[in-house]
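Note sheet for the following structure.
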Amino acid sequence: MRNMAGLSKAIEITSSKRRMQVLCCLVAGQSRFNEMKKSCAEMSSTELARVLTFLIDKNIIIKMRSVRYDTIAYKLTKKGEGVANVLRALEEWGYVL
């Protein structure tokens, strides 16, 4: 590896089990708070909100409000979309462990 700075940044984002769970939900197409809450049943609403705020602050996801439908959804940013391939690779690796 040429430089550990990029890896360090990636680890900062993904080093938490809860963050990984939320990122998996988003990659799987779950974009609303309650959808993610159901998938991450052991996570409290407060904890989920903290993870979402962290990911927003790091520009990994954005929070979108629909005035028309009075809903809020979360979406991966361009920066965050790169995590999808990483999660798929980790999933495949997990099967061979």
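The values are calculated or read from the model by the stated rules, or taken from the named source; none is laboratory data. Bear in mind the structure is a predicted one, so any value in this text is a computation, not a measurement. Cβ sites come from the backbone with ideal geometry, for glycine too, and all protein chains shown count toward neighbours.
Is at least one residue of the stretch 42-56 surrounded by 14 or more Cβ atoms within 10 Å (Cβ to Cβ), touching a residue at least 12 places away in the same chain (Cβ under 8 Å) and in contact with a Gly (Cβ under 8 Å, 6 or more places away or on another chain)?
yes
Need a quick list: helices (runs of 4 or more DSSP H) entirely within the stretch 7-84 having at least 2 residues that are within 9 Å of the chain's Cα centre (by Cα).
Of the helices (runs of 4 or more DSSP H) lying wholly inside the stretch 7-84, those with at least 2 residues that are within 9 Å of the chain's Cα centre (by Cα) span 17-27, 45-57.
Look at Met1 and say whether it is over 16 Å from Glu91 (Cβ atoms) and either at pLDDT below 95 or touching a Gly at 6+ places or on another chain (Cβ under 6 Å) (or both). Steps first, please.
Working: over 16 Å from Glu91 (Cβ atoms): yes; either at pLDDT below 95 or touching a Gly at 6+ places or on another chain (Cβ under 6 Å) (or both): yes.
Taking the combined requirement at face value, the residue satisfies it.
Can you tell me which residue within the stretch 69-95, out of those that are surrounded by 10 or more Cβ atoms within 10 Å (Cβ to Cβ) and among the small types (Gly, Ala, Ser), is nearest to Ile56 (Cα to Cα)?
Gly80
Could you tell me whether the stretch 33-45 includes any residue that is touching a Lys or Arg at 6+ places or on another chain (Cβ under 7 Å) and under 18 Å from Lys75 (Cβ atoms)? Working first, answer last.
Start the filter on the stretch 33-45 by keeping residues that are touching a Lys or Arg at 6+ places or on another chain (Cβ under 7 Å), which leaves 43, 45.
Remaining after also requiring under 18 Å from Lys75 (Cβ atoms): none.
No, the stretch 33-45 contains no residue that is touching a Lys or Arg at 6+ places or on another chain (Cβ under 7 Å) and under 18 Å from Lys75 (Cβ atoms).
If I go through the stretch 10-37 residue by residue, how many of them are without any contact (Cβ under 8 Å) to a residue 12 or more places away in the chain and under 16 Å from Thr71 (Cβ atoms)?
Counting residues in the stretch 10-37 that are without any contact (Cβ under 8 Å) to a residue 12 or more places away in the chain and under 16 Å from Thr71 (Cβ atoms) gives 5.
When you scan the stretch 7-19, do you find a residue that is closer than 14 Å to Tyr74 by Cβ, buried (at least 17 other Cβ atoms within 10 Å of the Cβ) and either among the hydrophobic types (A, V, I, L, M, F, W, C) or out of contact with any Gly (no Cβ under 7 Å at 6 or more places or on another chain) (or both), even just one?
Among the residues of the stretch 7-19, at least one is closer than 14 Å to Tyr74 by Cβ, buried (at least 17 other Cβ atoms within 10 Å of the Cβ) and either among the hydrophobic types (A, V, I, L, M, F, W, C) or out of contact with any Gly (no Cβ under 7 Å at 6 or more places or on another chain) (or both), which makes the answer yes.
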